Amino acid sequence: MTVVGVIFPVSEGEEIKVTGFWKTHPRYGLQFQVDHWEKIDPATIEGIEKYLGSGLIKGIGPTYAKRLVSAFGLDTLRVLSEEPLRILEVDRHRRGSRASDHASLARAAGHAGCDGVSPRTWSRRVDGA
């Protein structure tokens, strides 16, 4: 199915809930026109690891995401958003890192995809469903 509308960019590993209506485009066929959308935070350990490890947040790759989730579990996204300095508990000895870098990283994780991003017209081919 093809989903079209004005929404913020969506990265791999992110889930969204959309409302809207079906329409038939003369050239592209059946499409779902989005009226409203909202981001859904991952609710499983695997989902949080995939979301954080997707490259969406600079400085967090798959290995570091796994360490964060191992430390904070299902609370990881809340911790990154509301208690960013707790990231230091996970990686006090990360080579070449400073506390300010960790705090910036955690703040970015808490606001990924929200602040400073302009809406754009988005069309994405979704396999399945």
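Every number here is computed from the coordinates shown, using simple stated rules; none is lab data. This structure is a prediction, so every number in the text was calculated from the model and none was measured. We place every Cβ from the backbone using ideal geometry, glycine too, and count neighbours over all the protein chains shown.
Can you return the lysines within cross-link range of Lys39? Criterion is Cα-Cα under 17 Å, with same-chain partners fewer than 8 residues away left out. By straight Cα distance, Lys39 reaches Lys17, Lys50. Given R0 = 41 Å, the distance between the Cβ atoms of Lys23 and Lys58 translates into a calculated FRET efficiency of 0.65.
Summarising the label geometry, the points placed 7 Å from Cα in the beta-carbon direction at Thr44 and Leu88 lie 3.5 nm from one another. FRET efficiency for the pair Gln33 and Ser81, taken as 1/(1 + (r/R0)^6) with r the Cβ-Cβ distance and R0 = 25 Å, rounds to 0.20.
Shown here for the range 1-90: chymotrypsin sites (Phe, Trp or Tyr not before Pro) in loop regions (DSSP other than H, G, I, E, B) with at most 16 other Cβ atoms within 10 Å, namely Tyr28. Sites listed here are trypsin sites (Lys or Arg not before Pro) in the range 4-77 whose DSSP assignment is loop and whose Cβ has at most 10 other Cβ atoms within 10 Å: Arg27.
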